[in-house]
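**Student:** Got a structure for you, questions after.
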Amino acid sequence: MKLLSVINKCTREQIRNFWILILTVSMAPFFVFIYYLIIESTKPHYDLLILNRDNGIQTMGATINYGDLLIQSAEEFENDTSEIPLSITKSDNKHTALKRLRTLKADALVIIPENFSEVIHNPDMANDTINTEIEFIGDLTNINYMISAIWANEILNQYMQELTQENKPIKIKETSLGFSGSINDFDLVVPGILILSIIMLMFSATVAIVTEVEQKTIIRLKLSKITAFEFLSGVSIVQIVVGLVSVLLTGIIAHWLGFDFRGSFWSLLLIAVLTSVSIIAFSLILAAITKTVSEVLIVGNFPLFLFMFFTGAAFPLEAKELFTIAGYSVTLPGLMSPSHAIIALRKILILDMGLKDVVPEIIAVVLLTIIYFLIGIWAFKARHMKVE
Amino acid sequence: MNTNQTEDNNTVINISHLTKSFGDLVAVDNLDLRIFQGEVFGFLGPNGAGKTTTINMICGLSKPSGGKIIFQNYSKQNNPNIRAQIGICPQENIFWPKLTCREQLHFMGRMYKLSAGLSKKRTTDLLEMMGLKEKSNVLADKLSGGMKRRLNICMALIHDPEILVLDEPEAGLDPQSRVLVRDFIISLKRDKTIILTTHNMDEADRLSDRVAIIDHGRLLSLNTPSWLKKSIGEGDLVEIILETEKFQRADEMVNSLKKLCKQVKFSEKALIIKSKGLIGLIPGITEIINNHGNKVMEIRLRENTLEDVFIYLTGRKLR
């Protein structure tokens, strides 16, 4: 009954603290929207430059330039594969082409050598001293270069196959895991942002608890028969509801912007609830080390940034494995429960896996939540509920 | 039954050798006193005398460094059942600013395990008694200072405690609210044991059955207000203020006055004379003063106050 009264009181206060509530539930949906705008305006695109230096050869009274034919074949490839965001541009001189690479207006430059036709026309003459070399130029650390180079290589292979009339003995079949073949960059960040919407609870939950300390109403609660567990449970339940509303709004906005929800809704809900509980448990630790709302806003930035940027919530993150437990990799971000929740959501929403496939992640979130809760309740009681 | 047995039976709180230290500072120093059932017990002392520290220990909000607080037959100081029998109105107003008056009283009622119906009834009754009925559905932070103070008192009473602790209940109140609160406290007399802390002598004098005067954590005197006032000498008190700041031939003048009245002393810029039947003596007193080359600007005749008791006990005014 006391728990219901605390829930009732906290709900009223939460609703009347209108701006805190609005900012908490709208932050992640807003984040999704901004992400969508940025990703939509910078859709992946690969610009390939081709510089033809081939002199061509004279044969049967006519000049043949295999370099030009290669460019023509590349342009046909570009037209035939419109789903591939590749642009092929013919360049006239190396200086201009390099300038475009340096100013990031192009991703890769392919230079067809002067003796290209000569070697193609008479392959037998290619030996240790006479051969031809197609040069690929670009920033090797840039992923756009790598993808452009892969496509350039593919175009070259197809062209050589056509010229030599050779059949490939091996064909490669590519099968995507789950829906990973059809997802775009936006789809990739949505699971992280769904968890980010719960991470934002950290401030709201901590403020709800610390306000009792700052306005000294904790004294009234101490004098009544309420236990720390009853009080904190009441606050937590209201915050879980706030977290779920935020996840729901984020999901609706993401869906409206094109994110296709796959996997089980109940699995998503379970992970959202567990993560909310976990963040609230962590908030108890934060509430224990602060006494005022101003302190929460200053001290809280530290864990908030860690949770935002090093769990994969703000952007996908691959971390180095520290050790394994029963075959499950433990990384440094793995000490923060949202990182497991994000992995679980990616498996469910992108790789179309079921609840049984995310059991290790669920166990990790539950274990970390228990640890946060134990530390949080102990520290909160010691700091704010004890008789001095 | 002898007096001691009666006192034992009536004792609600028995404080013995109570001490509280904060590092080198001894806030409460070996305090011994008993608080009886149904009395209004006043703690009178200046700011920092140890009044709030003492009541915090009584309420279980602070642990004594030494000594004991025994509630009737209970000996565990932090027994939750005892704590629930105490209602406290702290010095500063403590409430939830985003809850209405009704909501927070009902919430606190539920926290003290009152049934929903009883909690609602007590909420309505208390709001009416404290003149806050019309503000029932107003958020607490929208109330005026006096109303907030009254709400604070309601919060202390929601669970109908046997012991009510009021820490400076009239602090910051407007005259109208002060009368309301004073009448309310008087209405609770006998039904509840009320512990009052104040540095307002008038408040202590009017409301308290017994007053403990404390300073620097020590109990200086404990008795009824009238007994305390009589203890520093019966009769009236006259305060004489001169036109000039310095008395001429002061020692000679005091010796002459002492032939007329027993107690004559200087307090800051005034001459204080205490005696029975002072009104009849005033002409003689002014003559002596004038004869010594001093000119009287103002004569104030009044009864002894608890402040006089405090000055008598400590040699200084209440800070």
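The values are calculated or read from the model by the stated rules, or taken from the named source; none is laboratory data. These numbers come from a predicted model, not from an experiment. Every residue, glycine as well, gets a Cβ built from its backbone with ideal geometry; the counts of neighbours run over all protein chains shown. SASA here: full protein model, heavy atoms, side chains in, ligands and nucleic acids out. Shrake-Rupley method; radii C 1.70, N 1.55, O 1.52, S 1.80 Å.
**Student:** How big is the accessible area of B:THR124 in square angstrom, nearest 10, if you roll a 1.4 angstrom probe over the protein chains?
**Tutor:** Rounded to the nearest 10, that gives 50 Å².
**Student:** For A:GLU13, what accessible surface area do you get with a 1.4 Å probe? Give it in Å², rounded to 10.
**Tutor:** Result for A:GLU13: roughly 30 Å² accessible.
**Student:** Given points 7 Å out from each Cα along the Cα-Cβ axis, report the A:GLN161 to A:ILE84 separation in nanometres with one decimal.
**Tutor:** Going by the 7 Å Cα→Cβ label model, 1.1 nm.
**Student:** Report, in degrees rounded to the nearest 10, the 0 to 90 angle that the Cα long axis of helix A:143-164 makes with the longest principal axis of chain A.
**Tutor:** The two axes meet at around 30 degrees.
**Student:** Given the Cα-Cα distance of A:VAL299 and A:VAL359 and 0.36 nm per residue of separation, how much length would full extension add, in nm?
**Tutor:** Details: separation 60, 0.36 × 60 = 21.60 nm, distance 3.31 nm.
Extending this stretch completely gives an extra 18.3 nm.
**Student:** If you only keep lysine pairs separated by 8 or more in sequence, or across chains, how many in the range B:222-271 come under 23 Å at the Cα atoms?
**Tutor:** Close lysine pairs under the 23 Å cut-off: 15.
**Student:** Let me ask something else. Of the beta bridges DSSP finds with both residues in chain A, what % are antiparallel, to the nearest 5?
**Tutor:** Details: 10 of 21 bridges.
The antiparallel proportion sits near 50 percent.
**Student:** Turning to a different aspect of this structure: Eigenvalues of the Cα gyration tensor times 5, then square-rooted: what semi-axes does that give for chain A, in whole angstrom, largest first?
**Tutor:** Working through the eigenvalues yields semi-axes of 61, 20, 18 Å.
**Student:** Same structure again: Going Cα to Cα from A:LYS347, which lysines come in below 21 Å? Please leave out same-chain ones fewer than 8 positions away.
**Tutor:** A:LYS320, A:LYS356
**Student:** Can you sort A:THR24, A:THR324 by solvent-accessible area, 1.4 Å probe, largest first?
**Tutor:** Ranked list, largest accessible area first: A:THR324, A:THR24.
**Student:** Ok, one more. Need one word for the protein assembly as shown: rounded, prolate or oblate. Basis is the Cα gyration tensor (sqrt eigenvalues a ≥ b ≥ c); a/c below 1.5 gives rounded, then a/b vs b/c decides. Present the calculation step by step, with values, prior to reporting the outcome.
**Tutor:** Values: a/c = 4.24, a/b = 2.99, b/c = 1.42.
Since a/c reaches 1.5 and a/b is larger than b/c, the shape of the protein assembly as shown is classed as prolate.
**Student:** A follow-up question, please. Where Lys and Arg each count +1 and Asp and Glu each count -1, what net charge lies around B:LEU260 among other residues with Cβ under 13 Å from its Cβ?
**Tutor:** Result for the neighbourhood of B:LEU260: +4.
**Student:** With a/c under 1.5 counting as rounded, go ahead and sort the range A:322-388 into rounded, prolate or oblate using the C-alpha gyration tensor (a ≥ b ≥ c being the square roots of the eigenvalues; past the cut-off, prolate if a/b is larger than b/c, else oblate).
**Tutor:** Prolate.
**Student:** In addition: Work out the charge dipole of the protein assembly as shown with +1 on the Cβ of Lys and Arg and -1 on the Cβ of Asp and Glu about the Cα centre, then indicate which of A:THR141, B:GLY87, B:LEU114 is farthest towards its positive end.
**Tutor:** B:GLY87
**Student:** Compute a Gaussian network model of chain B, connecting alpha carbons closer than 10 Å, and tell me which residue from B:GLN104, B:GLN263, B:GLN37 fluctuates the most.
**Tutor:** Greatest mean-square fluctuation among the candidates belongs to B:GLN263.
**Student:** Separate question: What does the charge dipole of the range A:71-125 about its Cα centre add up to, to the nearest 20 debye, if the Cβ of each Lys and Arg holds +1 and the Cβ of each Asp and Glu holds -1? All intermediate terms of the calculation are to be shown ahead of the outcome.
**Tutor:** Numbers: 6 positive and 10 negative charges, 119 e Å.
So the dipole magnitude of the range A:71-125 works out to roughly 560 debye.
**Student:** A follow-up question, please. Compute the helix-to-body angle for B:145-157: its Cα long axis versus the longest principal axis of chain B, expressed 0 to 90° and rounded to tens.
**Tutor:** For helix B:145-157, the angle is close to 60 degrees.
**Student:** If you don't mind, there's one more thing I want to ask. Antiparallel as a % of all DSSP beta bridges within the protein assembly as shown, to the nearest 5?
**Tutor:** Details: 48 of 78 bridges.
The antiparallel proportion sits near 60 percent.
**Student:** Of A:VAL273, B:VAL40, which has the most accessible area with a 1.4 Å probe, and how do the rest follow in descending order?
**Tutor:** Putting A:VAL273, B:VAL40 in descending order of accessible area: A:VAL273, B:VAL40.
**Student:** Rounded, prolate or oblate, given the Cα gyration tensor of the range B:168-263, with a/c below 1.5 counting as rounded?
**Tutor:** Prolate.
**Student:** Identify the trypsin sites (Lys or Arg not before Pro) of the range B:122-198 meeting these criteria: DSSP loop state and at most 16 other C-beta atoms within 10 Å of the C-beta.
**Tutor:** B:ARG190
**Student:** Also, quick follow-up: Under a Cβ-only charge scheme (Lys and Arg +1, Asp and Glu -1), can you give me the dipole magnitude of chain B about the Cα centre, in debye to the nearest 20? Display every interim value, and only then the final one.
**Tutor:** Values: 45 positive and 38 negative charges, 129 e Å.
With Lys and Arg at +1 and Asp and Glu at -1, about 620 debye.
**Student:** While we're looking at this one, here's another question. If a paramagnetic tag sat 7 Å from the Cα of B:ALA116 along the Cα-Cβ line, which residues of the range A:1-19 would have the backbone N under 17 Å from that point?
**Tutor:** A:1-12
**Student:** Mind checking which of A:ILE252, A:ASN65, A:ILE279 is farthest towards the positive end of chain A's charge dipole, using Cβ charges of +1 (Lys, Arg) and -1 (Asp, Glu) about the Cα centre?
**Tutor:** Positive-end residue among those listed: A:ILE279.
**Student:** Students sometimes get this wrong: rank A:ILE325, B:ILE195 by accessible area, probe 1.4 Å, all chains present, largest first.
**Tutor:** A:ILE325, B:ILE195
**Student:** What is chain B's relative contact order, in percent, from Cα pairs under 8 angstrom and six or more apart in sequence?
**Tutor:** Values: 578 pairs, mean separation 61.5, N = 319.
Here the relative contact order equals 19 percent.
**Student:** Roughly how big is the range B:88-145's charge dipole about its Cα centre, with Cβ charges of +1 (Lys, Arg) and -1 (Asp, Glu), in debye to the nearest 20?
**Tutor:** With only Lys, Arg, Asp and Glu charged at Cβ, the dipole is about 260 debye.
**Student:** Summing Lys, Arg as +1 and Asp, Glu as -1, what charge do residues with Cβ under 15 Å from the Cβ of A:LEU104 carry, A:LEU104 excluded?
**Tutor:** Local net charge: +1.
**Student:** Right, here's the next one. Strictly over 31 Å apart at the Cα level, which of B:LYS20/B:LYS142; A:LYS291/B:LYS189; B:LYS51/B:LYS121; A:LYS225/B:LYS20 would you flag in this model?
**Tutor:** B:LYS20/B:LYS142; A:LYS291/B:LYS189; B:LYS51/B:LYS121
**Student:** Now for a separate question. On C-alpha positions alone, give me the angle between the axis of helix A:185-199 and the longest principal axis of chain A, in degrees, nearest 10.
**Tutor:** 10
**Student:** Which of B:SER187, B:HIS199, B:GLY172 sits farthest toward the positive end of the charge dipole of the range B:159-253, with +1 on the Cβ of Lys and Arg and -1 on the Cβ of Asp and Glu?
**Tutor:** So the residue we want is B:SER187.
**Student:** For the pair B:GLU134 and B:ASN10, what calculated FRET efficiency results from E = 1/(1 + (r/R0)^6), where r is the Cβ-Cβ distance and R0 = 45 Å, to the nearest 0.05?
**Tutor:** Using R0 = 45 Å, I get an efficiency of 0.65.
**Student:** Oh, and also: If you take every residue apart from A:LEU21 with its C-beta less than 12 Å away from the C-beta of A:LEU21, what net charge results, scoring Lys and Arg +1 and Asp and Glu -1?
**Tutor:** Value of the local net charge: +2.
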